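The values are calculated or read from the model by the stated rules, or taken from the named source; none is laboratory data. Quick caveat, the model's predicted, so the values are computed rather than measured. Glycine gets a Cβ as well: all are built from the backbone with ideal geometry, and neighbour counts include every protein chain shown. What goes into the accessible areas is simple: the full protein's heavy atoms, side chains included, and nothing from ligands, DNA or RNA. Shrake-Rupley method; radii C 1.70, N 1.55, O 1.52, S 1.80 Å.
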Amino acid sequence: MDIIISSNTSKPIYEQITSQIKAMIMNGDLQTGDPIPSMRSLAKSIHVSVITVQKAYEDLQRDGFIETTVGRGSFVSAQNRDFMQEELQKKVEEHLNLAVETARTGGIKLEKMIELLTIFYTEE
Amino acid sequence: MTYSLEIKNLTKTYPQSDFRLDNVSFSIPRGTIMGFVGENGSGKTTTMNAVLNTIKKDNGTVKILGREMGDKDTDIREQVGVVFDAVNFSGILTPAKLAKVMAGVYKQWDQEFFLKTTARFNIEMGKKIKQFSRGMTMKLALAVALSHRPQLLILDEATAGLDPIVREEILGVFLEFVEDENHSILMSSHITSDLEKIADYITFIHHGKVILTEKKDHLIYDYGIARCKAEQFQLIDRTDMMAYKKRDYQIDVLVENRKAFERKYSGIVVDTGTIDEIMLLLIKGER
């Protein structure tokens, strides 16, 4: 399992952790029931504070990606991947809608938006 | 929540001096690291000394692992590992001899752990301590503090004067220490980038008073510093600013919720702040 923490980005560290673990679950690198490191050992390994990892795990748990059992640690929860995909797509639609509204008010053309979107999607 | 250290209304005055600790209160939840920051002479070391009962407090309570420590409570002392800025081991001892002394002092002394830790730090067991570099001496002090198996570490500028590589190694040791969720650390440091890496909470102290205790993530992700022009500054509600500082061409305003502030006052740039910048505004800024 790889988790890469960059300190040269505005993205908070707990978000960097959640988004990478979510990605690993979505693309199947982590399967239902797979253990993920304990909060404290992950904090030690990536040199960040315990509460930062705790926040990341709480968010993952809230969104149904992992389950934490006291004394046993955290595991990838059983879930319907289609459902998760759908949820994520809804989120993307919301954001795009917002972008389209902003673009319309500013008179930005569809071609320009597609161009921007392509850049963002392929860059990361 | 259970706390490793609870300080309530700690007060200490000195007869010949203006300096005082003025109702210092903060707590460290079990399993967390508290960074303790403030200017030189703001009261960090005095607070730590009062916690350790090496100076007598005038007032207030200090609970270590749920208990107040009196002069005779040596069993609580065993639970507290201490590293101060100045190391006071006798220079003529070698680490090997020092360990014998410590084994006589602490019932819980773990010789095996001491040997493992000193080996890991590459400390020469047969060399006299006075010949050690600062980095080596600090590592030795840390090895000693850890080897009587404490639950709470109190570190006063323990990483000061150390190079980045040694500091990184020591930060790793601290995180390893709190891997056990009963362990906690109180550490003062002027190297706030170290605290930004590993601390869970930050307490700011100024002129003997605690001015803020806050989750570190909250400070560096949610707090913000608004960079305002004079006319923008006029429009800001007083209740939306924690402190401000006028500079030649801009006014910096410390705000508690960066995103909410940006929504309310569009057009004002709000940066995230480092612990240093937040401290500067809290201490030098006007309110």
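List of remarks:
- Taking amide H atoms as placed 1.01 Å from N in the peptide plane, the amide H of B:SER4 lies under 5 Å from those of B:ILE28, B:ARG30, each 5 or more residues away in sequence or on another chain.
- q = 0.11, 0.12, 0.22, 0.24 Å⁻¹, the range B:73-183: log10 I(q)/I(0) [Debye, one scatterer per Cα]: -0.31, -0.38, -1.38, -1.63
- Relative contact order (%) - chain B, alpha-carbon pairs under 8 angstrom, separation at least six: 21
- Here is the interface size for B with A: some 1400 Å² of accessible area buried, both sides summed, with a 1.4 Å probe.
- Inter-chain Cβ neighbour average for residues A:37-48, partner chain, 10 Å: 4
- Considering only the protein assembly as shown, percent of DSSP beta bridges that pair antiparallel, nearest 5: 70
- Candidate lysines - alpha carbon under 19 Å from B:LYS127, same-chain residues fewer than 8 apart omitted: B:LYS97, B:LYS100, B:LYS116, B:LYS139
- For the range B:162-179, residues shielded by at least 50 square angstrom of accessible area compared with the chain on its own, probe 1.4 Å: B:LEU175, B:GLU179
- Taking the average, over residues, of other Cβ atoms within 10 Å as the packing measure, peptides A:35-45, B:129-139 rank A:35-45, B:129-139 from highest down.
- Three-way shape call for the range B:223-284 based on the alpha-carbon gyration tensor, with the a/c threshold at 1.5: oblate
- For the range B:208-264, the list of chymotrypsin sites (Phe, Trp or Tyr not before Pro) that fall in a loop by DSSP and count at most 12 other C-beta atoms within 10 angstrom reads B:TYR249.
- Distance from the alpha carbon centroid of the range B:13-84 to that of the range B:209-285 works out to 30 angstrom.
- Within the range B:187-287, GluC sites (Glu not before Pro) in DSSP loop having at most 15 other beta-carbon neighbours inside 10 Å: B:GLU256
- For peptide B:33-39, the mean count of partner chain Cβ atoms within 10 Å of a residue's Cβ comes to 1.
- Based on the convex hull around the alpha carbon atoms, chain A presents an average projected area of 9.1 nm².
- Rounded percent of accessible protein surface that carbon and sulfur make up, chain B, 1.4 Å probe: 48
- In the context of the full set of protein chains, residues of the protein assembly as shown present 54 Å² of accessible surface per residue (probe radius 1.4 Å, heavy atoms only).
- Degrees separating the helix B:111-120 axis from the principal Cα axis of chain B, which is the longest one: 60
- Translational diffusion coefficient (Stokes-Einstein; Kirkwood radius from C-alpha pairs) of the protein assembly as shown at 4 °C, 1.567 mPa s, in µm²/s: 53
- Directionally averaged shadow of the range B:1-116, computed from the convex hull of its alpha-carbon atoms, nm²: 9.4
- Spin-label pair A:ASP29-B:GLN111: with each label point 7 Å from Cα along the Cα-Cβ axis, the two points sit 4.7 nm from one another.
- Flagged links, alpha-carbon separation over 21 Å, of A:LYS11/B:LYS216; B:LYS8/B:LYS56; B:LYS209/B:LYS284; A:LYS11/A:LYS91; B:LYS12/B:LYS216: B:LYS12/B:LYS216
- Taken over chain B, the convex hull of the Cα atoms encloses 155 Å³ per residue.
- Residues whose placed amide H lies under 5 Å from that of B:LYS209, excluding near-sequence neighbours: B:ASP22
- Between the Cα long axis of helix B:164-177 and the first principal axis of chain B there is an angle of about 80°, rounded to the nearest 10.
- Within the full protein context, the accessible area of B:HIS183 is estimated at about 30 Å² for a probe radius of 1.4 Å.
- Listed values for the range B:221-236 are Karplus-derived 3J(HN,Hα) couplings in whole Hz (6.51 cos²θ - 1.76 cosθ + 1.60, θ = phi - 60°), namely 9, 9, 5, x, 10, 7, 9, 10, 7, 4, 6, 5, 4, 4, 7, 7, and x replaces Gly and Pro.
- Acute angle (nearest 10 degrees) that the helix B:275-284 long axis makes with the longest principal axis of chain B, alpha-carbon atoms: 70
- Take each residue of peptide B:199-211, count the partner chain Cβ atoms within 10 Å of its Cβ, and average: the result is 1.
- Across the range B:34-47, computed HN-Hα scalar couplings (Karplus, 6.51 cos²θ - 1.76 cosθ + 1.60, θ = phi - 60°) run 9, x, 10, 10, x, 5, 4, x, 7, x, 5, 5, 4, 4 Hz from first to last residue, x flagging Gly and Pro.
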